[in-house]
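Contents: one structure, followed by commentary.
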Amino acid sequence: MAVHNGADWLEQQVATIAAQTHRPSRLLVLNDGSSDGSGALLEQLEAAYGGWLQQLMPVPPGQPRGCVMSFAELLAATTAPYVALADQDDLWDPTKLANSLEMLLAAEARAARSGKPQPLLVHSDARLIDAFGQPLYASWWQRQGLAPPPRDLWHLAARNRVMGCTALLNRALLEAGLPIPHQAVLHDWWLALVAQRAHGLLQMPQATLSYRFHGANLSQPARWWQWPQRGWAVWRQWCALRQRFGDPQQPGDLWRLVRRRLRG
């Protein structure tokens, strides 16, 4: 879990993770430059949970590095065979991890017949709630106008369709996806691309958590003058993916990405 000025909701979210029917062996946290009291609260939670919640060295207050770098550091620090990504302000359903792990283990068992570890990522839909926990929308997918699952790698490369806070991934995906390159637009998008390339992106149809919408995490649609910058970032991420796995770049790749983006 990466934390940045999340004191208002952090304690509730940690409680829902600790209350999982399949409780994780530990909760690894990085405080990314919080200046709202999150640091003091994390120290209290660390003591309250008896070492189950563990912190990496926090980033100095007022100097946040952002979610991509924070999660990159967290993922590099863990040696766990399975890793779930968590936001600081959501509310997990009690069976979120158990259901996701069941799907992931079944996929690993199928992949084991080939004798080669397969990078896998399980993700799901989410309900949307407001800052006070009141329901807003029953489905994040529907609100975003998504048509999951991604049809192919190009479809996912043109637009992120994976909500990272719902994701559970295996060690094979971490080994393939790390280190996260500086060209990655989002950490969850990058990991989803790596999984999709390996035919290991798995989707649960039901919501597994309540995603909290509030003023600090509401994203604004890109203005027309930002489209070239956004498009260039997506293209750089695609090139980094090709380079990571030695896939040949084709002359028409850019236009193929543009067409997939326009088609939705």
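The values are calculated or read from the model by the stated rules, or taken from the named source; none is laboratory data. Note that the coordinates shown come from a computational prediction; the quantities given were computed from them, not determined experimentally. Here the Cβ positions follow ideal geometry from the backbone for every residue, glycine too, while neighbour counts run over all protein chains shown. Calculation scope for accessible area: heavy atoms of the full protein, side chains included, ligands and nucleic acids excluded. Shrake-Rupley method; radii C 1.70, N 1.55, O 1.52, S 1.80 Å.
Worth pointing out:
- Measuring with a 1.4 angstrom probe and ignoring ligands and nucleic acids, Cys67 comes out at about 60 Å² accessible.
- Residue order for Lys96, Lys116 - accessible surface, 1.4 angstrom probe, largest first: Lys116, Lys96
- Nearest 10 degrees, 0 to 90: helix 253-263 Cα axis against the chain principal axis: 70
- The chain: angle of helix 38-48 to the longest principal axis, Cα-based, in degrees nearest 10: 70
- Of Val258, Leu74, Ala233, farthest towards positive along the dipole that unit charges on Lys, Arg, Asp, Glu beta carbons give the chain: Val258
- Label zone at Ala106 (point 7 Å along Cα-to-Cβ), backbone N below 20 Å, the range 147-169: 148-150, 166-169
- Sorting Trp190, Trp235 by accessible area puts them as Trp235, Trp190; the probe is 1.4 Å, largest comes first, and only protein heavy atoms count.
- Between the labelled values (1) 13.1; (2) 17.3; (3) 14.4, the entry that holds mean projected area of the Cα convex hull in nm² as derived from this structure is (3).
- By DSSP, the beta bridges lying fully in the chain are antiparallel in about 40 percent of cases.
- Of the whole protein surface, His4 contributes about 70 Å² of accessible area at a 1.4 Å probe radius.
- Distance between the 7 Å Cα→Cβ label points at Trp232 and Glu11: 4.6 nm.
- Legend: calculated FRET efficiency, Arg23 to Gln249, from the Cβ-Cβ distance at R0 = 45 Å, rounded to 0.05, equals 0.50.
- Helix 187-197 axis, angle to the chain major axis (alpha carbon atoms, nearest 10°): 50
- Counting only protein heavy atoms and using a 1.4 Å probe, the accessible area of Asp36 comes to about 60 Å².
- Accessible surface calculations at 1.4 Å, restricted to protein heavy atoms, place the chain at 50 Å² per residue.
- Accessible surface of the chain [probe 1.4 Å, protein heavy atoms]: carbon and sulfur percent: 56
- Each Lys and Arg adds +1 at its Cβ and each Asp and Glu adds -1 at its Cβ; summed about the Cα centre, the chain shows a dipole of about 1440 debye.
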